[in-house]
1. Within the set of pairs 6 or more residues apart or between chains, which connect a residue that is over 12 Å from residue 117 (Cα atoms) inside region 68-86 to a residue that is open to solvent by 60 Å² or more (accessible area, probe 1.4 Å) and of a type in the set (Gly, Ala, Ser) with Cβ atoms less than 6 Å apart?
2. Can you find a residue that is charged (D, E, K, R), more than 16 Å from the ligand (Cβ to nearest atom) and open to solvent by 30 Å² or more (accessible area, probe 1.4 Å) anywhere in region 163-180?
3. Just checking, which of 12, 1 is open to solvent by 50 Å² or more (accessible area, probe 1.4 Å), modelled with pLDDT of 95 or more and not in a helix (DSSP H, G or I)?
4. Using the structure shown, decide if residue 249 is among the aromatic types (Phe, Trp, Tyr) and more than 13 Å from the ligand (Cβ to nearest atom).
5. Going through region 105-129 one residue at a time, which ones are touching a helix residue (DSSP H, G or I) at 6+ places or on another chain (Cβ under 9 Å) and open to solvent by 20 Å² or more (accessible area, probe 1.4 Å)?
6. Which of (1) free of Cβ contacts under 8 Å to residues at least 12 places away in the same chain; (2) among the β-branched types (Val, Ile, Thr); (3) within 16 Å of the ligand (Cβ to nearest atom) is the odd one out, the single condition residue 219 does not satisfy?
7. On the given criteria, is residue 115 in a helix (DSSP H, G or I) and touching a residue at least 24 places away in the same chain (Cβ under 8 Å)?
8. For region 71-104, give me each residue that is small (Gly, Ala, Ser), surrounded by 13 or more Cβ atoms within 10 Å (Cβ to Cβ) and away from the ligand (no atom under 12 Å from the Cβ).
Amino acid sequence: MRRRVIAGNWKMYKTLAETRAFFSAFTPLVANSRHCDIIIAPPFTAISTAAEAAKGTNIAISGQNVSWSKEGAFTGEVSAPMLTEAGCRYVIIGHSERRQLFRETDDNVAKKTLVALDSGLTPIVCLGEMQEDRDAGLAEEVLLRQFTGGPGALTPDEFSRILIAYEPVWAIGTGRTATPEIAATAHRFLRRCAGEQFSVHHASALRILYGGSVKPDNIQGLMAQEELDGALVGGASLDPKSFAAIVNFK
Ligand code: PEP
């Protein structure tokens, strides 16, 4: 049985004071939640504050992005060792907002994944099709391309140390969640890609999160699908009560 993961992606929200207030309210609400791994990805500036607030709790901290270089003259970038030092155990890589707004490619995703693994971080590699891909019947083709160029380029050992998040772009921040069946079909496809590229063992151990307008009122339907190993939550992770309701979906 794969252990479930509920991860919150705060995007470019929350000051340090708001981060502290969130943890004060959220931590007690999930203190007894042992059925899943709980992750929060604050903006870079709030990582240390979040890590401090999460010390001794069951909440792990994630970066939202990472440089593909360990150090160097890369103005504005943050490296994997810096994330680790600040208290991160995870990092989100290849989020659709990074791919669409900042032109990240599958090759960038592959490089970032390697540098993250090398620093002991667990990458949460995001992939997902756009609405026009789905309408044109190309959803699986896009997923296969993103899988092959990113996670599929890893060694089997490296692959066994990552999480994947299936995030259909049309469902992110739109309020249009994928139906549990659509999500499960995509997850099955990705698991098949993992099986063909690596092994049946790698495929069955791989944890795939679903992301796209997950809310307290749809989490149960999504988690009823065995294929879904958890959720990556954007908007609904900003409010402690709403994110705790998602974590405590059982
Ligand atoms: C996300 O940012 O990864 C996400 C899924 O956002 P939302 O839950 O707001 O759709």
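1. Listed pairs, sorted by first residue: 86/48.
2. As a first pass, look at region 163-180 and keep what is charged (D, E, K, R): 167, 176.
From the residues that got through so far, the ones that are more than 16 Å from the ligand (Cβ to nearest atom) too are none.
Checked region 163-180: no residue is charged (D, E, K, R), more than 16 Å from the ligand (Cβ to nearest atom) and open to solvent by 30 Å² or more (accessible area, probe 1.4 Å).
3. 12
4. Working: among the aromatic types (Phe, Trp, Tyr): yes; more than 13 Å from the ligand (Cβ to nearest atom): yes.
Yes; evaluated as a whole, the condition is true for this residue.
5. Narrowing region 105-129 to residues touching a helix residue (DSSP H, G or I) at 6+ places or on another chain (Cβ under 9 Å): 105-110, 112-123, 125-129.
Across region 105-129, the qualifying residues are 105, 106, 107, 108, 114, 118, 119, 120, 122.
6. It fails just one condition, (1).
7. Values: in a helix (DSSP H, G or I): yes; touching a residue at least 24 places away in the same chain (Cβ under 8 Å): yes.
Yes: the conditions hold for residue 115.
8. Narrowing region 71-104 to residues small (Gly, Ala, Ser): 72-73, 76, 79-80, 86-87, 94, 96.
Narrowing further to those that are surrounded by 13 or more Cβ atoms within 10 Å (Cβ to Cβ): 79-80, 86-87, 94, 96.
Scanning region 71-104 gives 79, 80, 86, 87.
The values are calculated or read from the model by the stated rules, or taken from the named source; none is laboratory data. For clarity, every value in this text was computed on a predicted model and none was experimentally measured. Positions of Cβ are generated from backbone atoms using ideal geometry, with glycine treated the same way; all protein chains shown enter the neighbour counts. Surface areas here come from the heavy atoms of the whole protein model, side chains and all, with no ligands, DNA or RNA. Shrake-Rupley method; radii C 1.70, N 1.55, O 1.52, S 1.80 Å.
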